[in-house]
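Enquirer: To start, I am sharing the structure in question, which I have written as structure tokens.
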């Protein structure tokens, strides 16, 4: 695959000009780096952390994301469904994920914390035991998903059709349960 890079810190790098080398990155930290529009295809990240990075419109074709954490990142319009499924595991904290796609991804136990997740397509995803803590889910799509035991109690602006998803044991707050009735055009006052 290429180089093997371990336990390195990349800070204030502009990977839009100088492309990141293909290879395996293990236990690396990327802080305040700009990857926007770049290709991370066929690159593998293992137990890496991205902090305050711009990853908008990047290409992840066959990229490996194995236990990767994103914090305070801008990740707009990214197709996570193009990533390698092998050991795919990610987490997001205070990130902008709007207009991204997780089509058919396995996101079991994934933590989304304080994220803006507007217009994101989660169709056909396994989100069992996932948590959406303080997340804005405006216009996001959940169709044919496994949402069993997922936690939406502190999420807002959600719209989920229980008839099109497996939802046994999913958790919702009283305030956001209205998002489960949206298709019925019911007025709750």
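Enquirer: Any idea how many residues of the range 1-22 are outside any strand (DSSP E or B) and more than 15 Å from residue 40 (Cα to Cα)?
Expert: Within the range 1-22, residues that are outside any strand (DSSP E or B) and more than 15 Å from residue 40 (Cα to Cα) number 3.
Enquirer: Evaluate the following for residue 118: is it more than 11 Å from the chain's Cα centre (by Cα), farther than 26 Å from residue 52 by Cα and outside any strand (DSSP E or B)?
Expert: Taking the combined requirement at face value, the residue does not satisfy it.
Enquirer: Another one. Could you tell me which of the residues 47, 82 is surrounded by fewer than 19 Cβ atoms within 10 Å (Cβ to Cβ), closer than 20 Å to residue 11 by Cα and modelled with pLDDT of 95 or more?
Expert: Among 47, 82, only 47 is surrounded by fewer than 19 Cβ atoms within 10 Å (Cβ to Cβ), closer than 20 Å to residue 11 by Cα and modelled with pLDDT of 95 or more.
Enquirer: List every residue pair whose Cβ atoms lie under 9 Å apart, where the two residues are 6 or more positions apart in sequence or sit on different chains, the first residue falls within the range 61-86 and is at negative phi and in the same structural domain as residue 108 (by TED's automatic domain parsing), and the second residue, located anywhere, is crowded, with 18+ Cβ neighbours inside 10 Å and part of a helix (DSSP H, G or I).
Expert: none
Enquirer: So, residue 149, is that one in a loop (DSSP other than H, G, I, E, B), touching a residue at least 12 places away in the same chain (Cβ under 8 Å) and on the phi < 0 side of the Ramachandran plot or not?
Expert: no
Enquirer: Here's another thing I want to ask about it. Report yes if some residue within the range 61-77 is under 13 Å from the mean Cα position of the chain (by Cα) and over 27 Å from residue 11 (Cβ atoms); otherwise report no.
Expert: There is no residue in the range 61-77 that is under 13 Å from the mean Cα position of the chain (by Cα) and over 27 Å from residue 11 (Cβ atoms).
Enquirer: Read through the list (1) touching a strand residue (DSSP E or B) at 6+ places or on another chain (Cβ under 7 Å); (2) at pLDDT 95 or above, then give the number of the only condition that residue 167 fails.
Expert: It fails just one condition, (1).
Enquirer: From the list 144, 154, 176, 109, which residue is surrounded by fewer than 21 Cβ atoms within 10 Å (Cβ to Cβ) and assigned to a helix (DSSP H, G or I)?
Expert: Answer to the check: 176.
The values are calculated or read from the model by the stated rules, or taken from the named source; none is laboratory data. Only a predicted model underlies this, so the values are computations on that prediction, with no experimental measurement involved. Cβ coordinates were reconstructed from backbone atoms using ideal geometry, including for glycine residues, and neighbour counts include every protein chain displayed.
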